[in-house]
Amino acid sequence: MLDSRSHNRTQRPMKLAHGLHLAYCTNIHRGESWEETFHSLKHDTMAVKQQVAPDEPYAIGLRLGAAAAKQLSQGSHLRDFRHWMDQNNCYVFTINGFPYGTFHGTRVKEDVYRPDWTSQERLDYTNLLFDLLVEMLPEDVEGSVSTVPVSYKGFDLSDRALGEARRHLWKCVDHLEHLSARTGKKLHLGLEPEPMCTLETSKEATRFFDQMRQDRRGDMRIEEHLGINYDCCHLALQYENPHEAIGRLASNKIKISKIHLSSALKVRPTNEVRQSLEAFNDAVYYHQVIERRQGGSLHRYRDLPEALTSAPEEGATQAEEWRIHFHIPLHQVPVALYDNTSDHLLGTLDYLKAHPGTCSHLEMETYTWEVMPDGMKSRHVVDQLVEEYRWTLRQMKQHGLLN
């Protein structure tokens, strides 16, 4: 039985402007059970807080897999967690509900998209996350959950299966309306476009939302409860311009539920670079590669090994650039062989400055710390997170997003 009481303390961390909330996503830490998750919060997360916001309210971007969510909903775990947050001046405003199962230390690859939105499991899990979140939210804070971008294109879903996915998403909207009516909380789910998934680009997102609206014509609840989790790394991989991409979503009345502040690896695929990229080739995650060729055409590789072993197609124009789905530290400076897509992230902050109120949920997400080459990652994960906070807060100050 969930504890129905809610926080009543006003939360405004780090003097952020326009009602913004900033956290790092705890999916960077291992933890599939609630016990493991809570352990990392009490140790690593508190170590970060001590350095970046020791005396201020501190936002947590919580990752809960299915097992941890179920355990948190049982017994006194939720009450105890809320008590711990009150004692430590912390709060949760968002949950990463993308990875359902194990996310570290074993092969994840395409399994991260399972179960997808064609399944009842995904709906039940997501509804449970909102049931938990609504009991954690402070009085004046809205809540978001991010999720898979419907499915993975490699699963080759039929039109019937995609229709079932849309029906499950509408059922989630129904659930959020019920929760909002009962609690007075604003709640929204964010589909997170990702390379090689049902939703990759801003154009694919708008087409999907058009289909959702056709399924229930005139049902305006979609504008409040369903939106896009805009991951800067993922949209940069598509060579999109943030002002155009976010503007396209906004003009189609698609809510920006949350923004992931993240950066991708960007390179010129010379022979020297290809050889050096073996250091980023791990067996845990997909690292999709999107190649831009002379003339601007794009070519997609499902994973980094395919790109590294590829031979130029007969008659194909020369590859000018690779953008690789490998989240790298936000503060990482370009070096001779490796660049990054921080320009897309900074362009997103530009958009927020020009359009206050676009989105209040910001989350740094660099979950790849364990698989990074040693020369790129910090000595300890806490060190990396502190440096990411410092870099991000500097950039937000320069963009007028700090009071």
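Only the coordinates and a few stated rules stand behind these numbers; no lab work does. If you're wondering where the values come from, they're calculated on a predicted model, not measured in any experiment. Note that each Cβ is placed from the backbone with ideal geometry, even for glycine, and that neighbours are counted across all protein chains shown.
Here the relative contact order of the chain, from alpha carbon pairs under 8 Å that lie six or more residues apart, stands at 18 percent.
Under a crude label model (7 Å from the Cα following the beta-carbon direction), how far is His178 from Leu402 in nanometres? Distance between label points: 4.4 nm.
Using only the alpha carbon atoms of the stretch 298-361, find the Kirkwood hydrodynamic radius as the inverse mean reciprocal pair distance, in angstroms to one decimal. All intermediate terms of the calculation are to be shown ahead of the outcome.
Working: mean 1/r = 0.0667 Å⁻¹.
In the stretch 298-361 this quantity evaluates to 15.0 Å.
Binning all Cα-Cα separations of the stretch 230-301 at 10 Å, short to long from zero, yields these whole-percent fractions: 15, 41, 31, 12, 1.
The distance linking the stretch 162-204 with the stretch 37-78 is 24 Å (Cα centroid to Cα centroid, whole angstrom). What pairs in Lys186/Lys258; Lys15/Lys49; Lys49/Lys258; Lys70/Lys186; Lys203/Lys255 have C-alpha atoms more than 19 Å from each other? Distance filter (> 19 Å) returns Lys49/Lys258; Lys70/Lys186.
Between Asn89 and Asp210, the modelled labels are 5.0 nm apart [label points 7 Å from Cα along Cα→Cβ].
For the stretch 296-403, which GluC sites (Glu not before Pro) are both in a DSSP coil and crowded by at most 14 other Cβ atoms within 10 Å? The partial results should precede the final answer.
Details: sites: Glu306, Glu313, Glu314, Glu320, Glu321, Glu363, Glu365, Glu370, Glu387, Glu388; in loops: Glu313, Glu314, Glu365.
Qualifying residues, ordered by number: Glu313, Glu314.
Stick to Cα atoms and the Kirkwood definition of Rh, then tell me Rg/Rh for the stretch 338-403.
My calculation of the ratio gives 1.01.
Our summary gives the stretch 238-307 a relative contact order of 18 percent, counting only alpha carbon pairs under 8 angstrom and 6 or more residues apart.
Evaluate the relative contact order of the stretch 113-166 (contact order divided by residue number), counting alpha-carbon pairs under 8 angstrom at least 6 apart; express in whole percent.
On the way: 34 pairs, mean separation 30.3, N = 54.
Dividing the mean separation by the residue count of the stretch 113-166 yields 56 percent.
Taking only Cα atoms and a 10 Å spring cutoff, compute GNM fluctuations for the chain and point out the largest among Phe38, Phe130, Phe103. Highest fluctuation of the listed residues: Phe38. Each label point was placed 7 Å from the Cα along the Cα-to-Cβ direction; for Ala250 and Arg292 their separation is 2.3 nm. Coordinate range of the alpha-carbon atoms in the stretch 50-150 per principal axis, descending: 42, 28, 25 Å.
Sorting the Cα pairs of the stretch 115-234 by distance into bins of 10 Å, from 0 upward, gives 13, 47, 33, 7, 0 percent per bin. Kirkwood radius and radius of gyration were both taken over the C-alpha atoms of the chain, and their ratio Rg/Rh is 0.95.
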